[in-house]
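Enquirer: Handing you this structure, nothing more for now.
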Amino acid sequence: MQAFQELRLDHISRHFANHAALRELDLTIRAGEFISLLGPSGCGKSTALNCIAGLLSLTSGQIRLDNKRIDVLPPEQRGFGMVFQNYALFPHMSVRKNIAFGLEMRGVGRAEVAARVEKALKLVRLDNLGERLPGQLSGGQQQRVAIARAAVIEPPLVLMDEPLSNLDAKLRIEMRHEIRRLHNELGLTTIYVTHDQDEALSLSDRIVVMRDGVKRQEGTPEELYARPQTLDVALFMGFRNVLEVSAHPAGPGRVRAETAGLQMEGVGEAPVGPAVAAFRPDDVVLTDGDGLPAQVGQVEYCGRDWLADLRLPDGRVVLARSHLALNSGEAVRFTVPADRVRVFSGDAAAA
Ligand code: ATP
């Protein structure tokens, strides 16, 4: 494998006509890292990946692998492995031939090709299906072939674009475990595009949240989960409750937020102007005594717990996850622990 220390995206932009699909993305990927580009549809994550692969040219900026500028090179000279959502296997070639293809193109000798293909088949646990055609495999098996085909060339960098989105929910979870295992076992460096926050959280060493072509926040899964810095990132990370509040400073890095009798102490600075408090349904705590009164509305049974609408006296609704069964129409009281509330400047209507 071609060793490198870091891949550097230096303020890369890509425009289509006068639409900026990617704006000034600045990011360093260190060898061995697993990085996810996470964001809603159309945020520019595939554009970024295709620019790194060389499938799209840059409108401005530079890409460097260590000190070598690579944005001027065609894709084959960058030599990165790619795994796509639709697998992109050769339909008329057996699994074994699909995996061998990249090695043969690089002029690797027959005996070595055979040995490396067998090893790759074992790694993705398809050693008994080498002679099948892609059409004779399940979606999950096809995606494993695609991963083996990308990894077998031992590329410096593997780029994956929503590789699991065509699979059913159970297989998606199994395959993401496999992807991380392969990344670790083969010592890969991986850039992974997804719109699924659970996938990004469980797979990544670092996550880059994007929106409208712009990097909105970058951090470890734990940082992004606990401390989104803006309301749009918070919404994307599952802070589904957003209430308009009046906010006041409560000491360094703390803010007191109040609305319709619900007192919350949150993390952050008190914004100037309109403010909102955001928190997850999982962080709503039902209490016996104090707390804000609410009436239970629609209840959804989720297997391990219940997801319920709690209607506040002023008609607003808070979504709560409860480990105890709740009944529609029931009167409850709830609070939200201070360290689970984030306060942002903004407008609840925009959330
Ligand atoms: P998805 O998850 O839906 O694939 P994405 O975050 O990967 O979305 P991109 O495919 O990078 O988004 O697209 C970013 C923006 O650039 C979108 O508004 C898209 O319509 C636009 N775009 C992408 N490719 C082209 C193209 N070839 N020509 C014109 N506009 C494009």
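The values are calculated or read from the model by the stated rules, or taken from the named source; none is laboratory data. Since we're looking at a predicted model, the values are computed, not measured. Note that we place each Cβ from the backbone using ideal geometry, even for glycine, and neighbour counts take in every protein chain shown.
Per-residue answers, yes or no, for (1) over 25 Å from residue 14 (Cβ atoms); (2) surrounded by fewer than 17 Cβ atoms within 10 Å (Cβ to Cβ); (3) in contact with a Gly (Cβ under 6 Å, 6 or more places away or on another chain):
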position	(1), (2), (3)
166	yes, yes, yes
174	yes, yes, no
181	yes, yes, no
187	yes, yes, no
204	no, no, no
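Enquirer: Within the stretch 288-351, considering only strands (runs of 3 or more DSSP E) that don't extend past its boundaries, which have at least 2 residues that are more than 20 Å from residue 270 (Cβ to Cβ)?
Expert: So the answer is 292-301, 306-311, 317-322, 331-335.
Enquirer: While we're on this one: Quick one: count up the residues across the stretch 323-351 that are surrounded by 16 or more Cβ atoms within 10 Å (Cβ to Cβ) and either within 26 Å of the chain's Cα centre (by Cα) or free of Cβ contacts under 8 Å to residues at least 12 places away in the same chain (or both). Spell out how you get there, then give the answer.
Expert: Going residue by residue through the stretch 323-351, those that are surrounded by 16 or more Cβ atoms within 10 Å (Cβ to Cβ) are 326, 332, 334-336, 338, 340-346, 348, 351.
Imposing the further condition that a residue be either within 26 Å of the chain's Cα centre (by Cα) or free of Cβ contacts under 8 Å to residues at least 12 places away in the same chain (or both) reduces the set to 340-346, 348, 351.
Residues in the stretch 323-351 being surrounded by 16 or more Cβ atoms within 10 Å (Cβ to Cβ) and either within 26 Å of the chain's Cα centre (by Cα) or free of Cβ contacts under 8 Å to residues at least 12 places away in the same chain (or both): 9 in total.
Enquirer: Would you list the helices (runs of 4 or more DSSP H) that sit entirely within the stretch 143-239 and hold 3 or more residues that are touching an Asp or Glu at 6+ places or on another chain (Cβ under 9 Å)?
Expert: 169-186, 221-226
Enquirer: Out of 282, 212, report the one residue that is of a type outside the set (Phe, Trp, Tyr) and within 16 Å of the ligand (Cβ to nearest atom).
Expert: Exactly one residue qualifies, and that residue is 212.
Enquirer: Yes or no: the stretch 204-218 includes at least one residue that is within 22 Å of the chain's Cα centre (by Cα) and of a type in the set (Ser, Thr, Tyr).
Expert: yes
Enquirer: Just need a number here: residues in the stretch 95-119 that are touching a Leu at 6+ places or on another chain (Cβ under 9 Å) and in contact (Cβ under 8 Å) with a residue 24 or more places away in the chain.
Expert: Qualifying residue count for the region: 6.
Enquirer: Step by step: first the residues of the stretch 39-81, then only those that are under 22 Å from residue 18 (Cβ atoms), among the polar types (S, T, N, Q) and part of a helix (DSSP H, G or I), then the one that is farthest from the ligand (Cβ to nearest atom). Which residue is that?
Expert: By that ranking, first place goes to 50.
Enquirer: In the set 55, 25, which member is touching a residue at least 12 places away in the same chain (Cβ under 8 Å), among the hydrophobic types (A, V, I, L, M, F, W, C) and surrounded by fewer than 17 Cβ atoms within 10 Å (Cβ to Cβ)?
Expert: So the residue among 55, 25 that is touching a residue at least 12 places away in the same chain (Cβ under 8 Å), among the hydrophobic types (A, V, I, L, M, F, W, C) and surrounded by fewer than 17 Cβ atoms within 10 Å (Cβ to Cβ) is 55.
Enquirer: Let me ask something else about it. Among residues belonging to the stretch 1-38 that are of a type in the set (Val, Ile, Thr) and within 16 Å of the ligand (Cβ to nearest atom), point out the one that is nearest to the chain's Cα centre (by Cα).
Expert: Selected residue: 35.
Enquirer: Further question: Within the stretch 30-40, can one find any residue that is surrounded by fewer than 19 Cβ atoms within 10 Å (Cβ to Cβ), of a type in the set (Ser, Thr, Tyr) and within 23 Å of residue 196 (Cα to Cα)?
Expert: Within the stretch 30-40, not a single residue is surrounded by fewer than 19 Cβ atoms within 10 Å (Cβ to Cβ), of a type in the set (Ser, Thr, Tyr) and within 23 Å of residue 196 (Cα to Cα).
Enquirer: Against the conditions (1) modelled with pLDDT under 95; (2) out of contact with any helix residue (DSSP H, G or I) (no Cβ under 6 Å at 6 or more places or on another chain); (3) under 24 Å from residue 246 (Cα atoms); (4) not aliphatic (A, V, I, L, M), where does residue 280 fall short? Just the number, please.
Expert: Among (1) modelled with pLDDT under 95; (2) out of contact with any helix residue (DSSP H, G or I) (no Cβ under 6 Å at 6 or more places or on another chain); (3) under 24 Å from residue 246 (Cα atoms); (4) not aliphatic (A, V, I, L, M), the lone unmet condition for residue 280 is (1).
Enquirer: While we're looking at this one, here's another question. Take the stretch 273-322 and flag every residue that is without any contact (Cβ under 8 Å) to a residue 24 or more places away in the chain and of a type outside the set (Val, Ile, Thr). I'd like the intermediate steps shown before the answer.
Expert: If we filter the stretch 273-322 for residues that are without any contact (Cβ under 8 Å) to a residue 24 or more places away in the chain, which is where we start, we get 300-306, 308-309, 311, 315, 317.
Correct list: 300, 301, 302, 303, 304, 305, 306, 308, 309, 311, 315.
Enquirer: Return the residues of the stretch 168-194 that are farther than 14 Å from residue 49 by Cα and within 16 Å of the ligand (Cβ to nearest atom); say none if nothing qualifies.
Expert: Of everything in the stretch 168-194, just one residue is farther than 14 Å from residue 49 by Cα and within 16 Å of the ligand (Cβ to nearest atom), namely 172.
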